[in-house]
Amino acid sequence: MSENSFRERLGARLERHVLRTAVDMLDERGTELDNVDHDLQRRERELHDRFARAESQESEVEHRERRLAELGADDLAGQPRIDHLIRQLDATEAALGQTRAEARSELAAARDELQKLKARVRQLEEDAHRHLINQADLARRESTVASLERELRDREEALRRREGGWWSGASADG
């Protein structure tokens with residue numbers, strides 16, 4: 001009985017150890033995921049700030065263009081300078097559009113990476129759970145095998161005692 005309870009306690013300890021290890025692994029993965037999430041949130045805030053600044057500059061340029069049109073800037077002697085400024089504005093807008101496209105692409109890639117990490121964490125959790133179940137099943141099987149071994153040894157010992165008693169009794173008669 002004491003050997004069986006020892007095996008059960010050992011199995012329970014193994015199970016607790018495996019659980020603690022799995023929890024530690026999940027905590028580490030959760031921390032990594034939190035760090036990635038914080039980084040993504042920071043990047044997203046930066047992108048929103050850049051978009052807001054770009055939109056503010058765009059509205060300012062549009063306002064200036066309207067003011068120039070209202071003032072009749074077409075008739076001014078500085079028309080080549082205005083044309084140059086408009087070309088620079090167009091180039092700036094093109095660069096801004098490219099930056100926006102890159103930022104959107106980067107944000108989409110970061111979201112994809114986050115989804116992959118979440119899937120990986122989910123897979124690790126499932127693997128840890130399966131491992132835990134396998135460890136517990138293994139501990140139960142070991143306990144059962146040990147109980148059966150003990151029972152067989154007890155039966156074998158009982159058979160030996162009976163055979164020994166029968167054999168020693170037969171030799172005493174002969």
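At a glance:
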{"item": "Potential lengthening between residue 104 and residue 2 on full extension [0.36 nm per residue; Cα-Cα distance subtracted]", "result": "30.1 nm"}
{"item": "C-alpha long axis of helix 79-173 to longest principal axis of the chain, angle in °", "result": "0 degrees"}
{"item": "Acute angle (nearest 10 degrees) that the helix 2-71 long axis makes with the longest principal axis of the chain, alpha-carbon atoms", "result": "10 degrees"}
{"item": "Förster radius 22 Å - calculated FRET efficiency between residue 53 and residue 116, Cβ distance, rounded to 0.05", "result": "0.10"}
{"item": "Listed peptides 60-68, 6-14 by packing density, highest first (mean Cβ within 10 Å)", "result": "6-14, 60-68"}
{"item": "Average Cα contact separation per residue, the chain, under 8 Å, 6 or more apart, as relative contact order %", "result": "59 percent"}
{"item": "Coarse-grained scattering of the chain at q = 0.11, 0.15 Å⁻¹, given as base-10 log I(q)/I(0) from a Debye sum over alpha-carbon atoms", "result": "-0.78, -0.98"}
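None of the figures in this text is laboratory data; all of them are computed from the coordinates on show. Everything numeric in this text was worked out from a predicted model, so none of it was measured. Cβ coordinates were reconstructed from backbone atoms using ideal geometry, including for glycine residues, and neighbour counts include every protein chain displayed.
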